[in-house]
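Since the structure comes first, as structure tokens, the remarks are kept for the end.
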DNA sequence: TTTAGTCTGGCAACCGTTTGCAAGGGAGGA
DNA sequence: TCCTCCCTTGCAAACGGTTGCCAGACTAAA
């Protein structure tokens, strides 16, 4: 059994409160005593039990981070950045994956409650209502979703979408397919909003779709059939799946159809053709989210991060 | 403030122990009383505080899962499988990333101690000695490492390496470069061991290397210069980096050099040329690790999972 | 009616820490 | 020499639960 505070106290003939203070308020204990306690603690391999400590202090120095799909390469940079940032603040980040299932997401949040000081919700699949309810039990910071009065870090998807569309129209495309993501995704809505209000476009919508390759693969045939000469895909994974499906049908990208994704993930760079995409500031978002959570006496601060269009090889001039 | 067990007790005029039993030993409380308690609890939105519960019971129903690099596509399937398996056992998995830093790894384990019932250590970077010491405080299951008396799930890297080498020799390769991973990596050792005892090979070793693209990119020049006609790389990421570096030097894969990786990650399949690789049973490993942890009254059970060579496009006949 | 056994629920100790309060001792000022 | 004040430490309650033990109320058997 691991040594407890009592063992240390007994070993050096001192009260537990003194041991406690040695760790959490060293200035309140005599240097000589402190040294003895430290020695004994080290000797016994004592480590304060963080769970027990949390019980009285109400702080765990942990935070939870929930993503829909860890396998999506978009998330790891965000996660790593969040972890690094938290580490610098003496916090630890525990990650969990919901497998795109809102029920699992709720379950996980409930589990996190009281074991962490707050939760970073990345691209949640839960309804706003539900999130608001759960927020009564544990502080949230939401990434890629706007919820009234809740701290959020947003990525400027609208801006990115606008640039992407300009790029496409500049290449002569008019009939453009929009391949969206899961139902209720904020990102999807932003994209569609921008596209809808851009004049002179002939839009075709496809969705909802799974936000991974399978989703892109599944709509490839429909996209090919709809006569669009360019596609704006929900994310890079979908774009990649789409390209794969297209090339299986002997449809060349970008020769016959141009494709743009969102995120700028590694496989997109490795792919042939290299994917044109709207880069999302994932790492910065991870860092910001941590900071927002830590400051979040400050209620519903909202931070919006810029995106950038990266033109590579999957877009080209429209066939005439 | 969230409702506590006391609030529920007070609300329905019953002792806290009765409320407690309503949840943790329902058969000990009268159905009528139970119903009242449940109603009150539901009404107040009461959820037992898992941390507090753990304090007395010693069980958290959480487990930790530590990986060196979440951004390595090898891990997500393992993580997801572990989470799914755990969920089926009423457990939750918290993931953390060490950023390949042994000190962070130790720190994370210490943080997990007492907040989880056990930790899954995937491809740890810590020394065996250290792991054994830490194991006094929290149960471990180690993935891809063999430590005396500690439950482990291993992947049959030796078998995979053997098949890979046979494939290569069958194509006429004799001078083969071994690009290993980080220092002390069990997988690297296995690979090297097998290669060393295979007769008729002319081996060149490169290592240690970072276990990601950067690592492969960095040795590309040396590999090219060493005159090997084929390469066995630590993992797919390294292999991909290597191929990238090689093609930057106008060296064709597989025309001039054949490359084999390990893991079978998605980007390898998307790459041109598609990567020949030794597929690792990541998902099965995740499931097994969870099961081992849960059973681990059973001490140091070791499970070994099979691997399989998948021949794609990055290997070819040796130039004559 | 007495006796033994079964249900049910209260009591209180405990898990490992923190923290407000108070007491004892020593130092410095008057 | 006496009074303050500060420093150090102990005491005990609290955090939110769980659980062994005990007692009262019934039930059923004798």
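Each reported figure results from applying straightforward, stated rules to the coordinates on display, with no laboratory input. Note that the structure is a prediction, hence the values are computed from the model and not measured. Positions of Cβ are generated from backbone atoms using ideal geometry, with glycine treated the same way; all protein chains shown enter the neighbour counts.
Summary table
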{"read-out": "Per-copy distances of the residue B:89 label point, shortest first, in nm (7 angstrom along Cα→Cβ)", "value": "3.4"}
{"read-out": "When chain A is reduced to its Cα atoms, the Kirkwood hydrodynamic radius in Å", "value": "21.9 Å"}
{"read-out": "Averaged over A:89-99, number of beta-carbon atoms from partner chains that fall within 10 Å", "value": "5"}
{"read-out": "Separation of alpha-carbon centers, region A:202-238 and region A:1-51, rounded to whole Å", "value": "62 Å"}
{"read-out": "DSSP bridge pairs, chain A: antiparallel proportion in percent, nearest 5", "value": "10 percent"}
{"read-out": "Peptide A:75-82 - average C-beta neighbours from other chains (10 Å radius)", "value": "3"}
{"read-out": "Cut-off 13 Å (backbone N to label point 7 Å along Cα→Cβ of residue A:110), residues of region B:34-64", "value": "B:42-43, B:45-50"}
{"read-out": "Residue mean of other protein chain beta carbons inside 10 Å, A:40-52", "value": "3"}
{"read-out": "Anisotropy class of the protein assembly as shown from Cα gyration tensor, a/c 1.5 cut", "value": "oblate"}
{"read-out": "Theoretical FRET efficiency, 1/(1+(r/R0)^6), r = Cβ-Cβ of residue B:248 and residue A:127, R0 35 Å, to 0.05", "value": "0.10"}
{"read-out": "Label-point gap, in nm, between residue B:255 and residue A:39 - each point 7 angstrom along Cα→Cβ", "value": "7.4 nm"}
{"read-out": "In nm, spacing of pseudo-spin labels at residue A:225 and residue A:269 (7 Å Cα→C-beta vector)", "value": "3.8 nm"}
{"read-out": "Acute angle (nearest 10 degrees) that the helix A:102-112 long axis makes with the longest principal axis of chain A, alpha-carbon atoms", "value": "20 degrees"}
{"read-out": "Prolate/oblate/rounded call for region A:157-280, Cα gyration tensor, a/c under 1.5 rounded", "value": "rounded"}
{"read-out": "Protection-proxy order for peptides A:19-30, B:140-151, each taking the mean of Cβ atoms within 10 Å per residue, highest first", "value": "B:140-151, A:19-30"}
{"read-out": "By average C-beta atoms within 10 angstrom, highest first, the peptides A:3-14, B:169-180", "value": "B:169-180, A:3-14"}
{"read-out": "Per-copy distances of the residue B:107 label point, shortest first, in nm (7 angstrom along Cα→Cβ)", "value": "3.2"}
{"read-out": "Cα long-axis angle, helix B:31-44 against chain B (0 to 90 degrees, to the nearest 10)", "value": "70 degrees"}
{"read-out": "Within a Gaussian network of chain A (alpha carbon springs, distance under 10 Å), most fluctuating of A:89, A:129, A:287", "value": "A:129"}
{"read-out": "For chain B, calculated [θ]222 nm from helices alone, where every DSSP H run of n ≥ 4 adds -39500 (n - 2.57)", "value": "-13000 deg cm²/dmol"}
{"read-out": "Degrees separating the helix B:282-295 axis from the principal Cα axis of chain B, which is the longest one", "value": "40 degrees"}
{"read-out": "Relative contact order, percent, chain A [alpha-carbon distance under 8 Å, six or more residues apart]", "value": "17 percent"}
{"read-out": "Hydrodynamic radius of region B:47-139 per Kirkwood, over alpha carbon pairs, in Å", "value": "13.8 Å"}
{"read-out": "Where only alpha carbons of region A:208-277 are counted, the Rg and the Dmax (Å)", "value": "10.4, 29"}
{"read-out": "7 Å along Cα→Cβ, label-point gaps from residue A:32 to other copies, nm, shortest first", "value": "6.7"}
{"read-out": "FRET efficiency for residue B:189 and residue A:295, using Cβ-Cβ distance with R0 set to 35 Å, rounded to 0.05", "value": "0.15"}
{"read-out": "Rough spin-label spacing in nm, given labels placed 7 Å along Cα→Cβ, for residue A:166 and residue A:17", "value": "6.7 nm"}
{"read-out": "Residue B:205/residue A:136 FRET efficiency (R0 60 Å; Cβ-Cβ; nearest 0.05)", "value": "0.55"}
